[in-house]
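Let me begin by presenting the structure, written as structure tokens, before commenting on it.
The values are calculated or read from the model by the stated rules, or taken from the named source; none is laboratory data. Fair warning: this is a prediction, and the values are worked out from it, not measured in the lab. Cβ coordinates were reconstructed from backbone atoms using ideal geometry, including for glycine residues, and neighbour counts include every protein chain displayed. What goes into the accessible areas is simple: the full protein's heavy atoms, side chains included, and nothing from ligands, DNA or RNA. Shrake-Rupley method; radii C 1.70, N 1.55, O 1.52, S 1.80 Å.
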Amino acid sequence: MKNFLNIFRTADGKSHAVTFALVCTLFFMWGMCNGMLDTLSQYFKSTLHVSNTEAARVPGANYTAYF
């Protein structure tokens, strides 16, 4: 385990293991939310009684933000 943590050390001895773990966790959460977007859109449509056009705005807004 000690050798594994050494790959996150800089030349001056600072460890970036916590930063690396945080960034990996955030990207995993971002990917999960992005993957659930189509499923949530269907639930929004049935629960909130919105049309297909209005339900399509949810993923549309997400992908517009990428642009």
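Assorted remarks:
- Residue list for the stretch 50-67, restricted to those being open to solvent by less than 100 Å² (accessible area, probe 1.4 Å), part of a helix (DSSP H, G or I) and not charged (D, E, K, R): Thr53, Ala55, Ala56, Val58, Pro59, Gly60, Ala61, Asn62, Thr64, Ala65
- Figure legend. Inter-residue proximity from the stretch 38-57: first residues free of Cβ contacts under 8 Å to residues at least 40 places away in the same chain and among the aliphatic types (A, V, I, L, M), second residues assigned to a helix (DSSP H, G or I) and open to solvent by less than 90 Å² (accessible area, probe 1.4 Å), beta-carbon distance below 8 Å, spacing 6+ or different chains. Indicated pairs: Leu40/Val58; Val50/Phe44; Ala55/Ser41; Ala55/Phe44; Ala55/Lys45; Ala56/Ser41.
- One residue from Ser51, Ser41 being among the polar types (S, T, N, Q), closer than 30 Å to Tyr63 by Cα and either in contact with a Gly (Cβ under 8 Å, 6 or more places away or on another chain) or modelled with pLDDT under 85 (or both): Ser41
- Residues of the stretch 18-49 that turn out to be open to solvent by less than 60 Å² (accessible area, probe 1.4 Å), touching a helix residue (DSSP H, G or I) at 6+ places or on another chain (Cβ under 6 Å) and among the hydrophobic types (A, V, I, L, M, F, W, C), as a count: 1
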